[in-house]
Amino acid sequence: MHVSAIAFIAATLFAWGLVSKRLARADLTAPIVFVVVGAALAWAGLVDGPDESATLTPLVEITLVWVLFSDAAHLPMRELRRDVWRYLRLLAVGLPLTVLLGWALAAWLWPGLGLWLALFVGAALAPTDAALGIPVVTNPVVPSRIRQLITVESGLNDGIATPIVTVAIAGAAAAAGLEGHEGAGHAVVQLALGVVVGSAVGAGGGWLLRLARRRDLAAEDFTGIAVLALGLLAYSAALVLGGNGFVAAFCGGLAFGACAGRRGPAELVYLEQTGELVSALVWLAFGAIAIPIMLDRVDALMLLYAAISLTLVRMLPVALSLVGSGLDRRTVLFVGWFGPRGLASLVFALLALEALGPVADEAVAVVATTVLLSVLAHGVSAAPLAARYGRTAAAAGPEPGGPVDVIELRPGAAARSRVRGRVDDTTPAGPAGPD
């Protein structure tokens, strides 16, 4: 990568920080901006595109670790009991059906992929990313229980899909005869070790932080860094012991959230801000690496798969899983549509490209096409459809069961979305204080 590319990326990050609030009002999201910037860097020859995938592996892996840990740690399991059966329906029925449908469709449309790469496509495109539909999960006119349902599903389904993606990549590598890969059976053993190690590290870390706070041992301005390190510790400890680091990060986040106490969410703020930075860089890498591959291979069949993946493959399993849940047809359609494919899917694509090389090009192109279409379709439709659904829900009467306090995943993005409808910063609000 050229030094000029680094300067341009730094300038883009700074510029986004200057105008992100204003651009949020126009539904111009960070993923759209950084994908375009990455593609432009590749087109200008400032980065080597697909040849850069190996050098970006640490960034991609760390991003997934922090996103998995943060999203899982944010979920207060004790407070989700009231609608637990709806969450279980989406995660235990809807998610597996989505993987199976995506797998079957990919295997049918591209027989040359083989069963393992087709499974990779189906699993990589199963997780949703609520951060791409921020106007939905932060708009107060949308019933709070529906916003909570979408948020909780997004916070857990990437961690649940990770083992399937890992096994699929291992199986594809073994089928292709690539050296250094021991096949899907070994990957399953790694998953089990990852669960044990991650849970132990997360629970132990959460308990130690509570103890340190109680005895006034921990400085407030360093606990965020400690949690950041804890996510990496869960990941790296699992690797040292032969386990799967990503599963360890997810289980570590769940265990930390359960054991860290009431101050746990505040200690995640630094991790979330750092995760937002590296996520922006991954979107940029996606634009620079995966988009050129997609443009070389994209055809009508890939666009068809992307459209079906975002609609039928997602919405049919959601509808089947929510039968008998007490939600009306309009709500089921709303939840089914707002399943954007985002950060987790593109990280899986970049990991497959790094592990499999050109063997994964076609599968990566399918994932890239679907994610790009999702970024555009869900980014444009989120605000107007949320407002329309909210008005319809309000006309139907009070929210059944009463409102709940909605969990915020990746609060930095959520905070920017809430600027809609607020008074502009230029409105006088009293005497100005010091900078």
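Coordinate-derived values only; no laboratory data. Just so it is clear, the structure is predicted and the values come from calculations on it, not from any experiment. Positions of Cβ are backbone-derived with ideal geometry, glycine not excepted, and every protein chain shown enters the neighbour counts.
Give me Arg215, Arg89 ranked fewest to most by other Cβ atoms within 10 Å of their Cβ, as a rough exposure proxy.
On the way: Arg215 8, Arg89 22.
With the sparsest Cβ surroundings first, the list reads Arg215, Arg89.
If a/c stays under 1.5 just call it rounded; otherwise compare a/b with b/c (prolate if a/b is bigger, oblate if not). Do that for region 98-226, with a ≥ b ≥ c from the square roots of the Cα gyration tensor eigenvalues.
Judged from the Cα gyration tensor, region 98-226 comes out oblate (a/c at least 1.5, b/c at or above a/b).
With a/c under 1.5 counting as rounded, go ahead and sort region 211-323 into rounded, prolate or oblate using the C-alpha gyration tensor (a ≥ b ≥ c being the square roots of the eigenvalues; past the cut-off, prolate if a/b is larger than b/c, else oblate). Write out the running numbers ahead of the final one.
On the way: a/c = 2.51, a/b = 1.87, b/c = 1.34.
Verdict is prolate for region 211-323.
Compute, for the chain, the length of the dipole vector about the Cα centre, with Cβ point charges of +1 (Lys, Arg) and -1 (Asp, Glu) only. Units Debye, rounded to 20.
Numbers: 28 positive and 31 negative charges, 363 e Å.
The dipole of the chain has a size of about 1740 debye.
What does the charge count near Val298 come to, summing +1 for each Lys or Arg and -1 for each Asp or Glu among other residues with Cβ under 14 Å from its Cβ? Mind dumping the intermediate values first?
Details: positive: Arg297; negative: Asp296, Asp299, Asp361, Glu362.
Net charge around Val298: -3.
By count of other Cβ within 10 Å, fewest leading, how are Ser325, Ser154 ordered?
By the 10 Å Cβ count, ascending, the order reads Ser325, Ser154.
What does the charge count near Val323 come to, summing +1 for each Lys or Arg and -1 for each Asp or Glu among other residues with Cβ under 14 Å from its Cβ?
+2
How do Thr274, Thr223 rank when sorted from fewest to most other Cβ atoms within 10 Å of their own Cβ?
Values: Thr274 18, Thr223 21.
Least crowded to most crowded, the residues run Thr274, Thr223.
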